[in-house]
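Below is one structure, written out as structure tokens, with a few remarks after it.
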Amino acid sequence: MARDPILTLKNIHKSFVKNQIHKGVDLELQKGETLGLLGGSGTGKSVLLRSIIGLEFIDKGEIHYNGRRIDDLTEVELQKIRIKVSYSFQSGALFDSSSVFDNIAYPLFEHTCYSLSEIQSKVSDVLKLVRLEGKEELMPSDLSGGMQKRVGMARAIIMEPEIILYDEPTAGLDPSNIENVVEVMQKLKGMGHAGIFVTHDIPSALKLCDRIAILHEGKIIFNDTPKELKSSTDSRISSFITNEEVNHGNQTYG
Amino acid sequence: MSPPTHIFTKFKNFLTLSGEISALFYNAIKCSFSRPFYLNRLADQIKNLGVGSISITIVIGLTMGLIMTLNFGYGLKKFGGVLYVPSVVSLSLAREMAPFFTSLIIAGRIGSGIAAEIGAMNVTQQVDAIRALGTSPLRVLVVPRFWASVLSLPLLTTLSFALGILGGLIVCMSEFDMSVGFYFHKVFWTVRPEDYISGLVKSGVFGGIISILACHKALKTRDGTRGVGDTTTWVVVSSSICILITNFFISKLFLVFWGQ
């Protein structure tokens, strides 16, 4: 592609004690694009997402955001990047002692000078987007798993980030909730947010993503369009897809 | 592992831990004097850690005064020294017993509270969420708890001291037929401002120790609920030991500066 990528990962290496997770990962994300990151369990997909915003330190390699190297920034400098590159946690990671409103409004209270009524209006808008209108006063413990994930997403997008990192947003959800989550992600994509979608849910990834990357044994072994994925003759890719189908209930993806 | 290697490893771990705790303390102090300030969170923590500890402090202070006066009273009575009971009790309370016992008991309450709360937040990725949302766990979680403990413990110590004096008065009046006027005359004649101030400074230092130890360990918590349990136990035991050791050195320091 001729355009300059907004996010570039170059030769990323990461290990935990003696377990080397990444052995030279290279990835690029274009403006407004949604990239699906697939791979077996324990291949380091979530670790890669966490490394992008500095929740994990990489051992070697470079991460660039809008042309600026960010992997060597201090914690204070990273705080500004994390407003532009947000992270939607697999578990939601909601503050369990705070209401839905306080969870979503947290970044606004921290980083903006909006009045309370403006914040209320923004929270209400974003709750409408994730189809949870009127749930402001509920506590996280009052919500189902799918609702918690959507509140987590609402919190991640309230600052209107340029990139959203989705860490398995559809994991552990029933088909109706998966549909809700994917619909929210489609809306966000339509609004111009770029995203990296870490998942095992191949049908959702094919439906949503412009490009799919497969992480296998510490390296990216496939990085192309969903169409190319379906027609791939690489035995590692077809075996991965077959395994995922078996593990995730024989969902069709064509 | 051979014994020398084992001792070396333990010593290295101890130095690492001391370094990390010192760094957290330094950063907490540094962050306290730069924006953003979380005064509402500080107020919440003072309410939670300080106001929430008032009832237990009332029990500690009052019973400490009652028991000490009873024991000193009957002990000194054998030698005809009952008149010295208010002086002995008040001086002990101001310098040692009120700050030390209040901090030791409160260490269990606020140390375990901080450790369990932040530890649970850590294992459920809420601390990561604070970082991912562009804020600092140090500023949001550590600094308010540190200052809340440092400010609350001297106030709780004052309450404990006052109730200890009241407990002493009750026993002196009921057991040794002492008048209120005589009792307070002896108390005010004995306790100098520096005795009381030394107790306040000690309790402030103990508050800082409890909160920094608790926050440090809690932010390192791993292994789910079991990890939270281990963290809580470690914090209560370690902060109690640190209070015991630090108490000796601060007492010695005050004796050197202000005399006996």
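The values are calculated or read from the model by the stated rules, or taken from the named source; none is laboratory data. It should be emphasised that the depicted structure is a prediction, and the values quoted were computed from it without experimental measurement. Cβ sites come from the backbone with ideal geometry, for glycine too, and all protein chains shown count toward neighbours.
Here residue A:99 meets the list (1) within 14 Å of chain B (Cβ to nearest Cβ); (2) closer than 24 Å to residue A:151 by Cβ almost entirely, failing just condition (1). Can you find even one residue in segment B:139-146 that is part of a helix (DSSP H, G or I) and more than 24 Å from residue B:22 (Cα to Cα)? The answer is no; no qualifying residue exists.
Taken together, A:92, A:152 contain a single residue that is touching a residue at least 60 places away in the same chain (Cβ under 8 Å), surrounded by 15 or more Cβ atoms within 10 Å (Cβ to Cβ) and either part of a helix (DSSP H, G or I) or more than 11 Å from every other protein chain (Cβ to nearest Cβ) (or both), which is A:152. Here residue B:142 meets the list (1) within 25 Å of the chain's Cα centre (by Cα); (2) away from chain A (no Cβ under 14 Å); (3) at pLDDT 95 or above almost entirely, failing just condition (2).
In segment A:118-135, the residues that are without any contact (Cβ under 8 Å) to a residue 40 or more places away in the chain form Cβ pairs under 7 Å with partners that are outside any helix (DSSP H, G or I) and buried (at least 17 other Cβ atoms within 10 Å of the Cβ), at six or more places apart or across chains, as follows: A:122/A:158; A:123/A:136; A:126/A:158; A:127/A:135; A:127/A:136. Of all the criteria given as (1) within 26 Å of residue B:238 (Cβ to Cβ); (2) surrounded by fewer than 24 Cβ atoms within 10 Å (Cβ to Cβ), the one not satisfied by residue B:72 is (1). I'd like to check something: does segment A:214-228 contain any residue that is of a type in the set (A, V, I, L, M, F, W, C) and under 27 Å from residue A:157 (Cα atoms)? Yes; the residues of segment A:214-228 include at least one that is of a type in the set (A, V, I, L, M, F, W, C) and under 27 Å from residue A:157 (Cα atoms). Every residue in segment A:1-31 that is closer than 22 Å to residue A:188 by Cα and either surrounded by fewer than 16 Cβ atoms within 10 Å (Cβ to Cβ) or of a type outside the set (A, V, I, L, M) (or both), please. A:3, A:4, A:5, A:8, A:28, A:30, A:31, listed by residue number. When B:57, B:63, B:69, B:16 are checked against the criterion of being among the polar types (S, T, N, Q) and more than 23 Å from residue B:158 (Cβ to Cβ), B:16 stands alone in meeting it.
Taking residue A:73, is it more than 26 Å from residue A:189 (Cβ to Cβ), more than 10 Å from every other protein chain (Cβ to nearest Cβ) and aliphatic (A, V, I, L, M)?
In short, yes.
Under the condition of being more than 18 Å from the chain's Cα centre (by Cα), part of a strand (DSSP E or B) and more than 21 Å from residue A:15 (Cα to Cα), the residues counted in segment A:29-68 number 1. Before we move on, is residue A:81 within 14 Å of chain B (Cβ to nearest Cβ) and either exposed (fewer than 15 other Cβ atoms within 10 Å of the Cβ) or not in a loop (DSSP other than H, G, I, E, B) (or both)? Here the answer is yes, as residue A:81 does meet what is asked. If you go through segment A:13-56 and pick out every residue that is within 14 Å of another protein chain (Cβ to nearest Cβ) and acidic (Asp, Glu), you end up with 1.
Please count how many residues of segment A:111-131 are surrounded by 22 or more Cβ atoms within 10 Å (Cβ to Cβ) and out of contact with any helix residue (DSSP H, G or I) (no Cβ under 6 Å at 6 or more places or on another chain). The total comes to 0. The C-beta contact set for segment B:229-244 (first residue within 13 Å of residue B:207 (Cα to Cα), second residue aromatic (Phe, Trp, Tyr) and crowded, with 23+ Cβ neighbours inside 10 Å, distance under 7 angstrom, 6+ apart or interchain) comprises B:243/B:206.
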